[in-house]
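**Q** A single structure is presented below for examination.
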Amino acid sequence: MSRFTFEPRDARLRDGKHVHVRPLVPADQDELLEAFHRLGAEARYMRFMVAVRTPNVARLREVLESFPEKGLAIAATVPADDGIDIAGAASCMLLPDDRTCEFAITIVPDWASKGLGRVLMDAIIGASRQGGLEQMRGYILAQNTPMLRLANRLGFATRRDPDDPSVKIATLDLRR
């Protein structure tokens, strides 16, 4: 049984647009691949911390199939001509200590700076707290100032990664 639960909901962004936020499922693979291709080289680098030109489809499938037992992944979707588009996604993966999770977030550039990152982060933080986790951690490139600002506004403490000065480790005590 999973400790992660998430009820789908609609959210209004700062620009007045609406997104539907819901858990990702394996059937979302094709939409996630489309979202990946809408990311520019810089957005991919900020998310994956290396230059990624093509997605690892096998790894994506493996990760999608691990939810909700090993974590939670959510997507913000918007209507599109072919059904939906994914405007952004966030995940938190349970770490081996069973008390900590690691987050990751990706926002499609057309949806950046609209408050979507805050919506997604608030959602996974809330779900992690409800699941009884004690800490959330994420690795953020030191040059990714929008994400570092968001982490700061959300109460994360950040410090340089001792193994890589180009990375900051953001941690949040979920017991507060």
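The values are calculated or read from the model by the stated rules, or taken from the named source; none is laboratory data. These figures come from a predicted structure and were not determined experimentally. Note that each Cβ is placed from the backbone with ideal geometry, even for glycine, and that neighbours are counted across all protein chains shown.
**Q** Looking at the stretch 136-145, is at least one residue touching a residue at least 60 places away in the same chain (Cβ under 8 Å), of a type outside the set (A, V, I, L, M, F, W, C) and under 18 Å from P68 (Cα atoms)?
**A** No, every residue in the stretch 136-145 fails to be touching a residue at least 60 places away in the same chain (Cβ under 8 Å), of a type outside the set (A, V, I, L, M, F, W, C) and under 18 Å from P68 (Cα atoms).
**Q** A further question follows. Would you mind stating whether A41 is among the hydrophobic types (A, V, I, L, M, F, W, C), under 22 Å from D82 (Cβ atoms), free of Cβ contacts under 8 Å to residues at least 24 places away in the same chain and loosely packed, with under 11 Cβ neighbours inside 10 Å?
**A** No.
**Q** Something else about it: Looking only at the stretch 15-28, count every residue that is in a loop (DSSP other than H, G, I, E, B) and within 19 Å of D110 (Cβ to Cβ) and tell me the total.
**A** 3
**Q** Report, ordered by the first and then the second residue, all pairs with beta carbons closer than 7 Å, sequence separation of six or more or different chains, a first member in the stretch 90-116 that is over 24 Å from H20 (Cα atoms) and touching a residue at least 12 places away in the same chain (Cβ under 8 Å), and a second member that is among the polar types (S, T, N, Q) and part of a strand (DSSP E or B).
**A** Correct list of pairs: R99/Q135; T100/Q135.
**Q** Do we have F4 as buried (at least 16 other Cβ atoms within 10 Å of the Cβ) and either among the small types (G, A, S) or assigned to a loop (DSSP other than H, G, I, E, B) (or both) here?
**A** In short, yes.
**Q** Return the residues of the stretch 104-140 that are farther than 26 Å from R38 by Cα and in a loop (DSSP other than H, G, I, E, B); say none if nothing qualifies.
**A** Once the filter is applied, which keeps residues that are farther than 26 Å from R38 by Cα and in a loop (DSSP other than H, G, I, E, B), the stretch 104-140 yields G131, G132, L133, E134.
**Q** Restricting to the stretch 62-82, what's the tally of residues that are in contact (Cβ under 8 Å) with a residue 12 or more places away in the chain and over 23 Å from T5 (Cβ atoms)?
**A** Number of matching residues: 1.
**Q** Mind checking which residues of the stretch 123-155 are over 15 Å from the mean Cα position of the chain (by Cα), crowded, with 16+ Cβ neighbours inside 10 Å and hydrophobic (A, V, I, L, M, F, W, C)?
**A** Hit for the stretch 123-155 is L133, nothing else.
**Q** For the stretch 54-77, does any single residue satisfy the condition of being modelled with pLDDT of 90 or more, closer than 19 Å to P109 by Cβ, surrounded by 17 or more Cβ atoms within 10 Å (Cβ to Cβ) and out of contact with any Leu (no Cβ under 9 Å at 6 or more places or on another chain)?
**A** yes
**Q** Starting from the stretch 160-176, keep only residues that are in contact (Cβ under 8 Å) with a residue 40 or more places away in the chain, then list their pairs with residues that are among the acidic types (D, E) and outside any strand (DSSP E or B) whose Cβ atoms are within a distance under 7 Å, requiring at least 6 positions of separation or different chains.
**A** Final answer for the pair search is L174/E134; R175/E134.
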